[in-house]
1. For segment 139-151, check the following and say yes or no: at least one residue is buried (at least 22 other Cβ atoms within 10 Å of the Cβ) and part of a loop (DSSP other than H, G, I, E, B).
2. Scan (1) within 20 Å of the chain's Cα centre (by Cα); (2) surrounded by fewer than 16 Cβ atoms within 10 Å (Cβ to Cβ) for the single condition Ala283 breaks and write down its number.
3. Can you give me the number of residues within segment 111-138 that are of a type in the set (Lys, Arg) and surrounded by 22 or more Cβ atoms within 10 Å (Cβ to Cβ)?
4. I'd like to verify a number: residues in segment 215-249 that are in a loop (DSSP other than H, G, I, E, B) and either in contact with a strand residue (DSSP E or B) (Cβ under 8 Å, 6 or more places away or on another chain) or under 14 Å from Ala142 (Cβ atoms) (or both), how many?
5. What are the pairs, 6+ residues apart or on separate chains, where a residue within segment 200-222 that is at positive phi has its Cβ under 9 Å from a residue that is surrounded by fewer than 20 Cβ atoms within 10 Å (Cβ to Cβ)?
6. Name the residues in segment 253-269 that are modelled with pLDDT of 95 or more and under 22 Å from the mean Cα position of the chain (by Cα), would you?
Amino acid sequence: MQLPPPPGRMPATASEPPTVARRSDGDPSGDVLDGRYTVGSVLGSGGMAEVRRGHDQVLDRDVAIKLFRGQAEARLSERERAEAQLLAGLDHPGLVKVHDVGQSPTAGWVVMDLVDGPDLHRLLRNGPLGPEQTWAIGHDVARTLAYVHAKGITHRDVKPSNILTRDAEPSSGRFGYVLTDFGIARRMDSDRLTATGETIGTAAYFSPEQARGEAVGSATDIYALGLVLLECLTGEPAFEGRGLETALARLHRAPEIPASINPAWRELISNMTAGTAAERPGAAEVAGV
């Protein structure tokens with residue numbers, strides 16, 4: 001079972017290092033990390049970190065800088081350092097590449113490729129995207145997950161806000177949709193960063209096994225991608241909300257796939273969101289590679 005063929009041409013789619021004096025309001029804009037990376041405006045933020053536009057003064061290029069908050073003496077936590085090391089060891093056109101990591105007196109930081117486009121969550125604010133663009137998203141993200149899963153890594157938080165967009169000609173080999181934020185990813189054979197029974201991720205995109213607090217693997221990412229593709233076609237999340245009730249909803253019902261959606265898409269998404277992990281196709285099968 002793989003992505004239905006696109007109905008038309010796929011569209012293009014995204015010692016302590018020194019810092020300068022900090023503004024009195026605490027805004028890090030203008031700080032220079034490691035005497036090299038100038039911190040600019042906010043691109044996005046989460047509970048523990050924010051991503052800012054930056055500039056590499058040595059190579060004269062724009063970058064993205066992820067600043068981690070709340071760490072004692074601004075040191076990277078084990079989880080944050082593991083994320084940087086994990087991404088630095090991966091090389092794929094559908095992933096955000098890590099270039100540098102360090103800490104300043106005010107923040108731990110990671111320097112990454114700048115993907116200068118809105119994330120998918122922002123695009124979906126304008127409603128459904130249609131089958132052509134949904135196909136492009138599924139094709140890019142599924143191929144990226146196939147690479148990641150072959151490396152023995154589960155993302156565990158595939159959702160629209162973790163899919164970035166950029167301009168990409170179909171013949172260039174450049175991916176228009178890029179997977180980011182491996183902050184809770186783990187190797188499939190390791191629990192070293194996750195306490196027993198801990199459930200982490202985003203409730204609206206949990207797989208049933210995540211909702212039950214069970215061990216997860218690559219099939220969890222496939223379930224989440226199925227929900228993302230359904231949301232692209234409908235413009236609405238299949239499971240609304242953020243709390244425990246939202247997480248548990250998928251234990252009682254499958255996501256509702258409107259009859260108006262093309263039968264090939266309905267079959268694919270139904271298989272991707274099967275209640276049992278073993279029933280779901282692999283990422284390479286979804287992508288058709």
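The values are calculated or read from the model by the stated rules, or taken from the named source; none is laboratory data. Keep in mind the model is a prediction, meaning the values are calculated, not measured. Because the Cβ atoms are built from the backbone with ideal geometry, glycine has one as well, and the counts that use them run over all protein chains shown.
1. no
2. Condition (2) is where Ala283 drops out.
3. Here is the first cut: in segment 111-138, the ones of a type in the set (Lys, Arg) are 122, 125.
If we keep only those that are surrounded by 22 or more Cβ atoms within 10 Å (Cβ to Cβ) as well, we get none.
Number of matching residues: 0.
4. Kept after step one, since they are in a loop (DSSP other than H, G, I, E, B), are these residues of segment 215-249: 215-217, 235-243.
Right, trim to either in contact with a strand residue (DSSP E or B) (Cβ under 8 Å, 6 or more places away or on another chain) or under 14 Å from Ala142 (Cβ atoms) (or both) and you get 216-217.
Residues in segment 215-249 being in a loop (DSSP other than H, G, I, E, B) and either in contact with a strand residue (DSSP E or B) (Cβ under 8 Å, 6 or more places away or on another chain) or under 14 Å from Ala142 (Cβ atoms) (or both): 2 in total.
5. Taking only residues 6 or more apart or on different chains, the pairs are Gly201/Ile184; Gly213/Gly197; Gly213/Glu198; Gly213/Thr199.
6. Hits for segment 253-269 are Leu268, Ile269.
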